[in-house]
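Undergrad: Here's a structure for you.
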Amino acid sequence: MKKGFVYLTGAGPGDPKLLTIRALESLQEADVVVYDRLINKEILQECKEDAEFVFCGKFPKNHTLRQEQINELLYEKAREGKVVTRLKGGDPFVYGRGGEEAVYLKERSIPFEVIPGVTAGIAAPAYAGIPVTHRDFGGTFAIVTGHLPHKKNKEQWEALAKGIDTLVFYMGMSQVEAIADMLVTAGRPKETPAAAVEWGTTTHQRTVTAPLHLLHKEIEQAGIANPAIIIIGDVVGLRDKVSWFSEQADQLIKKAEPTGNEA
Ligand code: SAH
């Protein structure tokens, strides 16, 4: 039995069945579970009955201090001899601050294991019928943060606009128009197919598609909000042929309507 150990666990993008076997084991072993805002609560039922749960939902704009507190919490609990599972949406090393936590623990000689998760930027498009690569429509793809698009310089935007086939933006919902403008200015055709997938892989999943320069309007009209992934590139055009999950999800949403749906 492990003691004084931390798992940095990826919980996957939303569908509880996308949890890995290793992630499940780390939940079953945990004395303390430190979890995020976007975690599907269903998977917490896999934990020990006497496990301690700490919710540390990170809300936009309230980041910095809280991350320090989370680091300290992981450290303190491990020092008490507990097995701690730090559970994050998607993959812990993709905009999950898992790298910071790993460094913090390593510097303090706390043993840990990183359990990769299925990341939203690949899974949400997949459930929307959009393969992030395809031999004929996209041989390269990049994961990009949509946060603070103005901080990227002209060269960076040109590299993304001209050098990468498929662009997947996380955390970009408040910046869709700015992102599209910068890509078009940097040389990406304004008619490039684009999509936004909200609550990907869950029964609340919704998808809109539009040419790049009109995506923000489509999003506004449909009321698509966080959490959502933006995908830009010719692969989006495959959705009509590949789409498989959204029909099922739409049906589930319809069935759920009479009892209310707080999504
Ligand atoms: N570590 C996570 C990402 C955390 S950053 C991962 O690997 O998936 C949070 C961003 O992830 C959100 O702003 C949104 O862009 C995206 N996201 C997370 N879950 C999502 C989901 N179910 N559907 C669409 N986007 C999601």
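Undergrad: Which residue is surrounded by the most Cβ atoms within 10 Å (Cβ to Cβ), if the candidates are limited to the range 112-153 and must be assigned to a helix (DSSP H, G or I) and either modelled with pLDDT of 95 or more or touching a strand residue (DSSP E or B) at 6+ places or on another chain (Cβ under 6 Å) (or both)? Even if it seems obvious, please write down each step before you answer.
TA: At the first step, the residues of the range 112-153 found to be assigned to a helix (DSSP H, G or I) are 120-127, 149-151.
From the residues that got through so far, the ones that are either modelled with pLDDT of 95 or more or touching a strand residue (DSSP E or B) at 6+ places or on another chain (Cβ under 6 Å) (or both) too are 120-127.
On the way: Ala120: 28, Gly121: 28, Ile122: 23, Ala123: 23, Ala124: 31, Pro125: 28, Ala126: 19, Tyr127: 26.
Here the residue is Ala124.
Undergrad: Which residues, counting only those in the range 138-177, are within 16 Å of the ligand (Cβ to nearest atom) and of a type in the set (Ser, Thr, Tyr)?
TA: Listed by number, the residues that qualify are Thr145, Thr166, Tyr170, Ser174.
Undergrad: Just to be sure, is Glu101 touching a residue at least 24 places away in the same chain (Cβ under 8 Å), part of a strand (DSSP E or B) and away from the ligand (no atom under 11 Å from the Cβ)? Working first, answer last.
TA: On the way: touching a residue at least 24 places away in the same chain (Cβ under 8 Å): yes; part of a strand (DSSP E or B): no; away from the ligand (no atom under 11 Å from the Cβ): yes.
Taking the combined requirement at face value, the residue does not satisfy it.
Undergrad: Which of the residues that make up the range 178-208 are within 15 Å of the ligand (Cβ to nearest atom) and not small (Gly, Ala, Ser)? Steps first, answer last, please.
TA: Residues of the range 178-208 within 15 Å of the ligand (Cβ to nearest atom): 179, 194-208.
Across the range 178-208, the qualifying residues are Ile179, Val197, Glu198, Trp199, Thr201, Thr202, Thr203, His204, Gln205, Arg206, Thr207, Val208.
Undergrad: Still on this model: If I ask for residues that are more than 22 Å from Gly96 (Cα to Cα) and either within 16 Å of the ligand (Cβ to nearest atom) or surrounded by 17 or more Cβ atoms within 10 Å (Cβ to Cβ) (or both), which ones from the range 47-57 would you list? Working first, answer last.
TA: Step one: filter the range 47-57 for residues more than 22 Å from Gly96 (Cα to Cα), giving 48-51.
Scanning the range 47-57 gives a single hit, Ala51.
Undergrad: Identify all residues within the range 22-38 that are crowded, with 20+ Cβ neighbours inside 10 Å and farther than 18 Å from Lys77 by Cβ; write none if there are none.
TA: Answer for the range 22-38, where residues must be crowded, with 20+ Cβ neighbours inside 10 Å and farther than 18 Å from Lys77 by Cβ: just Ala23.
Undergrad: Right, next: Please specify each residue of the range 1-21 satisfying the condition of being among the charged types (D, E, K, R), closer than 18 Å to Gly121 by Cβ and surrounded by fewer than 17 Cβ atoms within 10 Å (Cβ to Cβ).
TA: None; the set is empty.
The values are calculated or read from the model by the stated rules, or taken from the named source; none is laboratory data. Computed from a prediction, not measured in an experiment: that's the story for all the values here. Quick reminder, even Gly has a Cβ in these numbers, built from the backbone with ideal geometry, and neighbours come from all protein chains shown.
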